[in-house]
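The values are calculated or read from the model by the stated rules, or taken from the named source; none is laboratory data. Predicted model, so just to flag it, every value in this text is computed and none were measured. All Cβ positions, glycine included, derive from the backbone under ideal geometry; neighbour counts span all protein chains shown.
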Amino acid sequence: MNYDVIIIGIFIAVFVVFGSFIVFLNMLGSPEKRVRDRLERFKDRFSPNASDRVQARARGILAKDKGTPLDQMLREILPRPAELRTRLNKTGKQISLGNYAMASVAVAISVFALFTIVAGVNLLLAFVMAVFFGIGGPHFMIGRMISKRLEAFTSLFPEAIDLQVRGLRSGLPITESIKIVGRELEDPVGIEFRKINDAVRMGKTLEDALWASAEILDTPDFKFFVISLAVQKETGGNLAETLENLSEILRKRHQMKLKVKALTSEGKASAYIVGSLPFIMFGITLSMNYDYASIMFTDPRGIMALSIGVAWMSLGVLIMAKMINFEI
């Protein structure tokens, strides 16, 4: 009988049962409270008073924003759920807190099973690696999605400014120019400007809608654009000329980034090779002589040496990443 498989099965079963029990308790709630809330929503929804109907619709929208019971539970458990929610919104995709948590748990369970069943690693080390990859894996993927979206937005954003300049010179107001950008340009620029236009139509001021999008995008180029509009609103002047100069500055800034990227490509390639070489050699050794290399996972001295080596390698990779990363 394989006791490792039994331990893994017990670990997964306890986790699933405990999580399902918590979700069930959150969904159950108080029957009297649920009935009372439904009656209140029904009364306000069909009330002859227009303000009551508007408030009922607003509460319905807020209830949808709260998400599933699992999302509500995670908001209570996580230390800073608002920051995580903002980070997920930066991806431009509808990723809920519950889906993110389930992905983290799935990665952790998969890594734990892989290290224990396939590699035969010590349970404690496998648990540590499962926690590391379960937290770091989804975090890394979300970071990659955000970086890819911001890169696409930055490369297309000068085109959006040029389109607004042409609209302003033809006599259109800035709000109508923003609407045209949202309709004509592709995502992610188009969808962000459509959100700004929808927010203005719902009653927000243009400045508030722009700053709300700036918080989600969190890119200097868009913040320059928002500040330019805010300054022009206070001081006056030719907005078309201001935006045209901003577009030229952003293009030159993007060209400088590409030049720096080309100049540092050799250093990045060297960092990738040096950082991945120990792992490649260890994988080759493990495939050629498993009994010899597996001591690093089974012997306490090997585990300690492996942990120290991974820590020092991580520190070295972090230092190299900082050395070759230039902010412009």
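What's the number of the condition Tyr290 fails, among (1) exposed (fewer than 12 other Cβ atoms within 10 Å of the Cβ); (2) closer than 26 Å to Leu318 by Cα?
Going through (1) exposed (fewer than 12 other Cβ atoms within 10 Å of the Cβ); (2) closer than 26 Å to Leu318 by Cα one by one, Tyr290 breaks only (2).
Could you grab me the full set of residues in the range 205-222 that are surrounded by 15 or more Cβ atoms within 10 Å (Cβ to Cβ) and not in a helix (DSSP H, G or I)?
Correct list: Thr219 only.
Would you pick out the residues in the range 230-259 that are touching a Leu at 6+ places or on another chain (Cβ under 9 Å), of a type in the set (A, V, I, L, M, F, W, C) and farther than 18 Å from Ser170 by Cα?
Passing the criteria: only Ala230.
If you go through the range 246-255 one residue at a time, do you hit one that is surrounded by fewer than 12 Cβ atoms within 10 Å (Cβ to Cβ) and within 30 Å of Glu151 (Cα to Cα)? So that I can check it myself, show each step before the final result.
Here is the first cut: in the range 246-255, the ones surrounded by fewer than 12 Cβ atoms within 10 Å (Cβ to Cβ) are 252, 255.
Subset that is within 30 Å of Glu151 (Cα to Cα): 252, 255.
Yes, the range 246-255 has at least one match.
Residue by residue through the range 300-317, note down the ones that are of a type in the set (A, V, I, L, M), more than 16 Å from Met129 (Cβ to Cβ) and exposed (fewer than 13 other Cβ atoms within 10 Å of the Cβ).
Applying the first criterion (of a type in the set (A, V, I, L, M)) to the range 300-317 yields 303-306, 308, 310-311, 313, 315, 317.
Restricting the remaining residues to those that are more than 16 Å from Met129 (Cβ to Cβ) gives 315, 317.
Matches in the range 300-317: Leu315 only.
Quick one: Met320 ticks every box in (1) free of Cβ contacts under 8 Å to residues at least 24 places away in the same chain; (2) within 26 Å of Val128 (Cα to Cα) bar one, so which box is it?
Every listed condition holds for Met320 apart from (1).
Would you be able to say whether some residue in the range 154-164 is exposed (fewer than 15 other Cβ atoms within 10 Å of the Cβ) and either without any contact (Cβ under 8 Å) to a residue 12 or more places away in the chain or in contact with a Phe, Trp or Tyr (Cβ under 9 Å, 6 or more places away or on another chain) (or both)?
no
Could you grab me the full set of residues in the range 218-236 that are of a type in the set (S, T, N, Q) and without any contact (Cβ under 8 Å) to a residue 24 or more places away in the chain?
To start, the set of residues in the range 218-236 that are of a type in the set (S, T, N, Q) comprises 219, 228, 232, 235.
Listed by number, the residues that qualify are Ser228, Gln232, Thr235.
Please enumerate the residues belonging to the range 103-117 that are surrounded by fewer than 18 Cβ atoms within 10 Å (Cβ to Cβ) and at pLDDT below 85.
So the first thing to find is which residues in the range 103-117 are surrounded by fewer than 18 Cβ atoms within 10 Å (Cβ to Cβ), and the list is 103, 105-106, 109-110, 114, 117.
Correct list: Leu114, Ile117.
Taking into account only those residues within the range 208-248 that are under 28 Å from the mean Cα position of the chain (by Cα) and β-branched (Val, Ile, Thr), which is nearest to Ile142 (Cα to Cα)?
If we take residues in the range 208-248 being under 28 Å from the mean Cα position of the chain (by Cα) and β-branched (Val, Ile, Thr), then Ile216 is nearest to Ile142 (Cα to Cα).
Across the range 133-153, what is the number of residues that are without any contact (Cβ under 8 Å) to a residue 12 or more places away in the chain and among the hydrophobic types (A, V, I, L, M, F, W, C)?
Kept after step one, since they are without any contact (Cβ under 8 Å) to a residue 12 or more places away in the chain, are these residues of the range 133-153: 136, 139-141, 143-144, 147-148, 151.
From the residues that got through so far, the ones that are among the hydrophobic types (A, V, I, L, M, F, W, C) too are 140-141.
Residues that pass the stated criteria total 2.
If only one of Glu186, Glu241 is in the same structural domain as Ser170 (by TED's automatic domain parsing), not aliphatic (A, V, I, L, M) and not in a helix (DSSP H, G or I), which one is it?
On the way: Glu241 fails: not in a helix (DSSP H, G or I).
One residue alone meets the criteria, Glu186.
Is there a residue in the range 223-235 that is part of a loop (DSSP other than H, G, I, E, B) and surrounded by 14 or more Cβ atoms within 10 Å (Cβ to Cβ)?
We begin by selecting, within the range 223-235, every residue part of a loop (DSSP other than H, G, I, E, B); these are none.
The answer is no, given that none of the residues of the range 223-235 is part of a loop (DSSP other than H, G, I, E, B) and surrounded by 14 or more Cβ atoms within 10 Å (Cβ to Cβ).
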